[in-house]
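One structure below.
We did not get these values from a lab; they are worked out from the coordinates using the rules stated. Keep in mind the model is a prediction, meaning the values are calculated, not measured. When we count neighbours, we look across all protein chains shown, and the Cβ atoms used for this are built from the backbone with ideal geometry, even at glycine.
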Amino acid sequence: LKILLAQKGTEKREIHRFVREAQICAQLQHPGIVAIHEIILDDSFRPYFTMREVHGSTLHLIFKNLHFCSTEKQWGVTDDGWTFKKTLHIMIKICEALSYAHSKGVIHRDIKPGNIMVGDFGEVSVVDWGLAISTKANDITVAQHLKEDVLDEIVGTPKFMAPEQADGRNYEIDARSEVYSIGSML
């Protein structure tokens, strides 16, 4: 269950982003993307949505543990069995999920290790689609998304942003921008 925080629940722009996240995510049916089951208003007319529960660790934590057990000369093995090679397989699964999203005209805009969940058996979920935009004309259009956002607003996590995203050139953000983010994670 994901619910809009009370303090954000009164801001029209935040409500639009929250509902947009649910609408965009509900269109994406891929094992690497958490499925949205329903979007509902509570008794206070605050939106929330339900989705599959995700268990595991963030890729951020896996990377942190891997670096902690490694040396300058050799990659180590974490207590739970993560190796550099094993994390590369995770990166491939992330690329597959994003490739699917891109084929549907959806750009995540905040790809980072903290937005990747990895289950105990290596299952991968790209999460937190709150900044996502749809580029398909028959869906919510880019212009509508950017109207809800400030046109030159910088959204995402700076450490993983492509230059056009970091400069606030939102009309230039596309799948290539996310390839840049994946490279930054590596």
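Once the piece of chain linking Ser103 and Glu123 is laid out straight, how much longer is it, given 0.36 nm per residue of separation minus the C-alpha distance between them? Numbers along the way, then the final one.
Values: separation 20, 0.36 × 20 = 7.20 nm, distance 2.12 nm.
Stretched fully, the Ser103-Glu123 segment lengthens by 5.1 nm.
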Any aspartates and glutamates whose Cα falls less than 18 Å from that of Lys159, other than same-chain ones fewer than 8 residues away, would be Asp110, Asp128, Asp167, Asp174, Glu178
With label points set 7 Å from each Cα along the Cα-to-Cβ direction at Phe45 and Met91, the distance between them in nm comes to 4.9 nm
Cα extents of segment 1-106 along the principal axes, largest first, in whole Å, come to 56, 32, 22
Rounded to one decimal in nm, the spacing of the 7 Å Cα→Cβ label points at Glu11 and Thr83 is 4.6 nm
Counting lysine pairs in segment 8-86 that sit 8 or more positions apart or on different chains, with Cα atoms under 26 Å apart, gives 5
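What ranking, highest mean first, results for peptides 57-69, 38-50 when packing means the other Cβ atoms within 10 Å averaged over each residue?
Values: 57-69: 15.9, 38-50: 12.8.
Per-residue mean Cβ counts within 10 Å order the peptides as 57-69, 38-50.
Set the Förster distance to 41 Å, then compute FRET efficiency between Lys73 and Val19 from the Cβ-Cβ distance, nearest 0.05. List each step's numbers first, then the result.
Numbers: r = 50 Å, r/R0 = 1.23.
So the FRET efficiency works out to roughly 0.20.
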